[in-house]
Amino acid sequence: HPEGITRFWSAFALSEVTWGDLTVNTGLRYDRQRIEPKASVTATDDRYSSDSFEPQLAAIWRLDDNWSVFGSAAFVNRMPTADELFDTYMGGAPSPDLKDEKGKNLEAGVSYRGSGIFAEGDEAVMKLTLFRNHIDDMIVRTGAAAPTPAYVNIDRAYLRGGELEATYSIDAFELGA
C-alpha cells in the first residue's frame, strides 16, 4: 500500500450443534494487526497495533419444511486501515490516534423455501432480516483540511434496518432481488 505496510493475521474456531429442528452455531475469532507508515508518509512515524477477540452466537429453528426463524448476536471489531491512519488525500492530516471500531450486532429474521409454487420444478427462496448494530468509536472521514485529521472516531453510532432477499428459479431461468 502506498501509505503503509500492514501485517494482519486471524485465527478462528466455529462449532455447529443440531438438536432436532434447532441448529446453534458458536464462534470465536482472534485478530492481530500491525501497521507502520512507509517513508512517503512524512507527517508521522507512529505505528499502529491492535488485537481483538470477537465471539458470536447464532441459531436457526426450522418450523416446518418451508419456514425457519433465525437470530444472531456478535461482538465485532474493525481495525483502522493504512488509508485511515496515514492518508492525506483530499486534505486532512494523518490520523494515527484512531481507535478500533467496536460493535455489538443483533440480527433476527424469517426465511421461506418452497417449490411447485407456480409450476412443477420451480423454487422460491425468501429471507427477511432485521438488524441493529451499536458501534463505539466508529471511524468517519472528516473532509476537513490539515491540521484536522482526515479521519476521526465518533463516540457512538446506531445502525438499524432490514433486508429482504428473494429468488425465484425455474429450469435455467433465475430471478433474484
Practice prompt. Go ahead and collect, in residue order, the members of the range 136-154 whose backbone nitrogen is under 15 Å from a label point 7 Å along the Cα-Cβ direction of Asp83.
Written response: 139-143, 150-152
Worksheet, complete the sentence: In the list [x] 13.6; [y] 22.6; [z] 11.7, the entry giving mean projected area of the Cα convex hull in nm² computed from the coordinates is [x]
Practice prompt. Would you please give the FRET efficiency between Asp122 and Asp97, computed as 1/(1 + (r/R0)^6) with r the Cβ-Cβ distance and R0 = 41 Å, to the nearest 0.05?
Written response: 0.15
Discussion item. Test of understanding: what is the full-extension gain from Ala172 to Trp9, defined as 0.36 nm times their sequence separation minus their Cα-Cα distance?
Written reply: 54.6 nm
Item to complete: Which order do the peptides 28-37, 5-14 take when ranked by the mean count of other beta-carbon atoms within 10 Å per residue, highest first?
Response: 28-37, 5-14
Discussion item. Need one value: the accessible area of Leu22 in square angstrom, 1.4 angstrom probe, rounded to the nearest 10.
Written reply: 60
Worksheet item: Using the alpha-carbon centroid of each, what span in Å lies between the range 1-49 and the range 84-156?
Response: 16
Worksheet item: So what is the accessible area of the chain per residue, in Å², with the probe set to 1.4 Å?
Response: 64
Discussion item. Highest mean first, how do 63-72, 126-135 rank when packing is the count of other Cβ atoms within 10 Å averaged over residues?
Written reply: 126-135, 63-72
Item to complete: Summarise the accessible area of the range 36-177 (1.4 Å probe, protein heavy atoms) by the percent that is carbon and sulfur.
Response: 56
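The values are calculated or read from the model by the stated rules, or taken from the named source; none is laboratory data. Every value quoted in this text rests on a predicted model; they were computed, and no experiment measured them. Every residue, glycine among them, receives a Cβ derived from its backbone with ideal geometry; neighbour counts consider all protein chains shown. In case anyone asks, the SASA skips ligands and DNA or RNA and just uses the protein heavy atoms, side chains included. Shrake-Rupley method; radii C 1.70, N 1.55, O 1.52, S 1.80 Å.
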